[in-house]
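Notes follow once the structure below has been shown.
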Amino acid sequence: MINLISSKKYLYKGKFVDGDYLASQGVDGKIIDNAYKGTIAYGILEKHNISGTTEKGKGLQIKFDAMASHDITYVGIIQTAKASGLEKFPIPYVLTNCHNSLCAVGGTINEDDHVFGLSAAKKYGGIFVPPHQAVIHTFMRENMSGCGKMILGSDSHTRYGALGTIAVGEGGPELVKQLLCRTYDINYPDVIAINLTGKPRRGVGPQDVALSIIGAVFKQGFVKNKIMEFVGDGIANLPIEYRNGIDVMTTETTCLSSIWKTDEIVKNYYIEHGRPNDYKELNPAEIAMYDGVVEVDLSKIEPQIALPFHPSNVYNLQDVIANPKDIFAKVEAEGNKLLSANKVKFNLLDKITKDGKVQVQQGIIAGCAGGTYDNIFEASSIIDGKYIGKNEFTLSVYPSSQPIYYDLMNKGAISKLVKAGANIKTSFCGPCFGAGDVPANNALSIRHTTRNFESREGSKPANGQISSVALMDARSIAATAMNGGILTSAMDLDYDNTIPKFSYDSSIYENRCYNGIKKPINQELVYGPNIKDWPEVIHLTDNILLKMTAVINDPVTTTDELIPSGETSSYRSNPLKLAEFALSRKVPDYVPRAKAVYSEELARRENDILPKEYEDALKVAGIKPQGSVSIASVIYATKPGDGSAREQAASCQRVLGGAGNIAREYATKRYRSNLINWGMIPFISENDNFQVDDILYVPNVKAGIESGATEFKAVVINGKNVREITLKLDSLTDTEKDIIVSGCLMNYYKDRK
């Protein structure tokens, strides 16, 4: 089904071969050496790079064609860019309102942000998509994608590779750089070929293919921070929305981005959406070198389920149906170990009925992954004439854009779902991050959405509330729904899986969305009372004292644990208010600890004297600092940063006085970039024997950053115990060094005005 090849391979005449084979065929050595330039990814990166080189391993400076943000991120981005000198949006910038659309908590503050967003689109010349019109990625696919383009989004699932676009999800500061006509700086990434062969069987959907790939590659980091390039003759057997459904889930592999070869099916998509000129055929060159290969036989993929609490926790759905007791016992034990710090019991075994079946409490089909026309139409065909029943199971369906909703109504799919008992809702990302359809305590929800992290769906384990999500494809969710929530595989069903051609009506957007690209208006931004400026952040001092305020030894720490999503996101435009929720579901004592350290630092600044606790610690260690010394908090996590691109995971720590993270490794490039852009040092340490209240003294840290040092000698002090450690730091670009020394990206720009 899935086979991984970790060595370099060359795509040559439709087959993957090694270099020796090419040499035996008389291919010149220079051609073999430069075959990495034959990938689709290389051609697009080269077009958008202004550094002067696209050599493997060298630095790229990328300028994007367009950008997108939603209403959890755009206020902070625009505020930061405004403080740094923004005059107009230099490239098309789309502001969508698909995350806090409900405006259900926090008084007026959510809708106030939407008013701010419209005023920003008018003032600076952008596009504003009102609430309930479209989720961010569906709108970008429909309107902004293009073969050979590059798009940057402040949402981790920014993926339009199946439409020939390299799209990257990053934290807000990276978008600020583009707004200020700077560049996105990365080393030329490795490119992994995803070789699709065969044809999917009926009842197998894009989520099943995506979960199969995620399950195979995630834990070993096979594609981490790399570009996944989809090739192979199996692509021709996939409709365009099927491809989009696989593509958007590549985020969960921790890859940097994705790109697919294009064909007539992609061309027809652009024609249907009124943009034929945005199509061009993309294929690898005659010889293209890849840094590895993932072989996927689509004909062997079966329905899958990702059980709590990660998209990589993948099982064959039929195996779970046939033997739930053993599998649920294993997952339940793993889940309770993860939740051990909370006074809560995670249950799966109680979902098994007396006759050995699995009873699910909720089904959701939604968002950029699940809410596509094809997924919903086929789900309606499966459930047509059946009923979800009168018991606890519920089914909610969210078309991902109004044009999709409109066409599904016209073709009768919506009426079939409504008659079956489904709730039809508007375009909204809430079920993906815990702001809509939060399950009941102890409930199990099956969802065709993007993630199923711990408490991602909205439960609060620290408060004794726990529910959980399993990821599945819309087809098997519909099959489960027609059986009243008894877990069912769609591959077992005999149904008509014909999907009529989608009809796109552009007037739906034209009549409602504001398009001010290249038409900035001289007007003021409209501020609600909750929209606050960023607090002052100081520059890096010569030396630093770091107090450990949280130690997380879980294998992976997601951004949803660093800053919870859901209703907390209502405070996204108020940095200090939002920071109150930092680590609240993982380490409830973190915020008061961090505040206490920050108070000590503020006292130091006022009196220019180190507080007694730190003076005593330095005396115990026999240290007399040379130069300036500041105090800051720090956290340790084994592998932080999986998941969302929200920069708040870093900025909340920063405004509470944090100055860095220590980790064995960082789960994603985007989280590490968020730390750097907020002036926080992304240290690495093989030593994980840290304790809360440890004081770490890092001498000459500023000079080390400026000189490009990759190792920093540090001293750990806890009472009378003193030990020396080495903190490591992966290489930084010159700009990244300057940002950290400046204290944050805003300071960096202010320093250069």
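The values are calculated or read from the model by the stated rules, or taken from the named source; none is laboratory data. Given the structure is predicted, the values throughout are model-derived calculations rather than measurements. Reconstructed Cβ throughout: ideal geometry from the backbone, glycine too, with neighbour counts over all protein chains shown.
Can you tell which of Asp18, Asp65 is free of Cβ contacts under 8 Å to residues at least 40 places away in the same chain and not small (Gly, Ala, Ser)?
Unique residue meeting the criteria: Asp18.
Out of all the residues in the range 113-151, which are assigned to a helix (DSSP H, G or I), of a type in the set (A, V, I, L, M, F, W, C) and under 19 Å from the mean Cα position of the chain (by Cα)?
Ile136, Phe139, Met140
May I ask you to list the residues in the range 267-303 that are within 13 Å of Leu163 (Cα to Cα) and surrounded by 24 or more Cβ atoms within 10 Å (Cβ to Cβ)?
Tyr269
Which condition number in (1) assigned by TED's automatic domain parsing to the domain that holds Ala285; (2) in contact (Cβ under 8 Å) with a residue 24 or more places away in the chain is the one that Asp71 fails?
For Asp71, the exception is condition (1).
When you go through Asp112, Asp190, Asp208, Asp155 one by one, which is the residue that is under 20 Å from Ile259 (Cα atoms), in contact (Cβ under 8 Å) with a residue 40 or more places away in the chain and surrounded by fewer than 21 Cβ atoms within 10 Å (Cβ to Cβ)?
Unique residue meeting the criteria: Asp190.
So which residues in the range 77-112 are closer than 17 Å to Thr158 by Cβ and assigned to a helix (DSSP H, G or I)?
Ile77, the sole residue that qualifies.
Among the residues of the range 353-393, how many are more than 19 Å from Phe139 (Cα to Cα) and part of a strand (DSSP E or B)?
Residues that pass the stated criteria total 5.
Can you name every residue in the range 2-21 that is within 30 Å of Asn316 (Cα to Cα) and surrounded by fewer than 14 Cβ atoms within 10 Å (Cβ to Cβ)?
Asn3, Ser6, Ser7, Lys15 - these are the residues of the range 2-21 that are within 30 Å of Asn316 (Cα to Cα) and surrounded by fewer than 14 Cβ atoms within 10 Å (Cβ to Cβ).
Pull out all pairs, ordered by first then second residue, where Cβ-Cβ is under 6 Å, the residues are six or more apart or on different chains, the first lies in the range 554-567 and is in the same structural domain as Ser101 (by TED's automatic domain parsing), and the second is modelled with pLDDT of 90 or more and assigned to a loop (DSSP other than H, G, I, E, B).
So the pair list comes out empty.
So that you can scan it fast, the table gives a plain yes or no per residue for (1) modelled with pLDDT under 95; (2) assigned by TED's automatic domain parsing to the domain that holds Glu457; (3) among the β-branched types (Val, Ile, Thr); (4) buried (at least 24 other Cβ atoms within 10 Å of the Cβ):
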| site | (1), (2), (3), (4) |
| --- | --- |
| Lys58 | yes, no, no, no |
| Lys82 | yes, no, no, no |
| Glu87 | yes, no, no, no |
| Pro90 | no, no, no, no |
| Leu102 | yes, no, no, no |
| Gly106 | yes, no, no, no |
| Leu118 | no, no, no, no |
| Lys122 | no, no, no, no |
| Thr138 | no, no, yes, yes |
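Just the residues that are modelled with pLDDT under 90 and among the aromatic types (Phe, Trp, Tyr), please, taken from the range 556-583.
Tyr571
For the range 205-296, which strands (runs of 3 or more DSSP E) that fit wholly inside it have 3 or more residues that are closer than 28 Å to Ile376 by Cα and in contact with a strand residue (DSSP E or B) (Cβ under 9 Å, 6 or more places away or on another chain)?
227-231, 257-260
Test Asp185 against the criterion of being acidic (Asp, Glu) and crowded, with 22+ Cβ neighbours inside 10 Å, and give yes or no.
No.
Residues to consider are Thr73, Thr96; find the one that is touching a helix residue (DSSP H, G or I) at 6+ places or on another chain (Cβ under 6 Å), modelled with pLDDT of 95 or more and under 20 Å from Ala435 (Cβ atoms).
Checking each option against the conditions leaves just Thr96.
Would you check which residues across the range 584-606 are among the hydrophobic types (A, V, I, L, M, F, W, C) and out of contact with any Asp or Glu (no Cβ under 7 Å at 6 or more places or on another chain) and list them?
Val587, Ala594, Ala596, Val597, Leu602, Ala603
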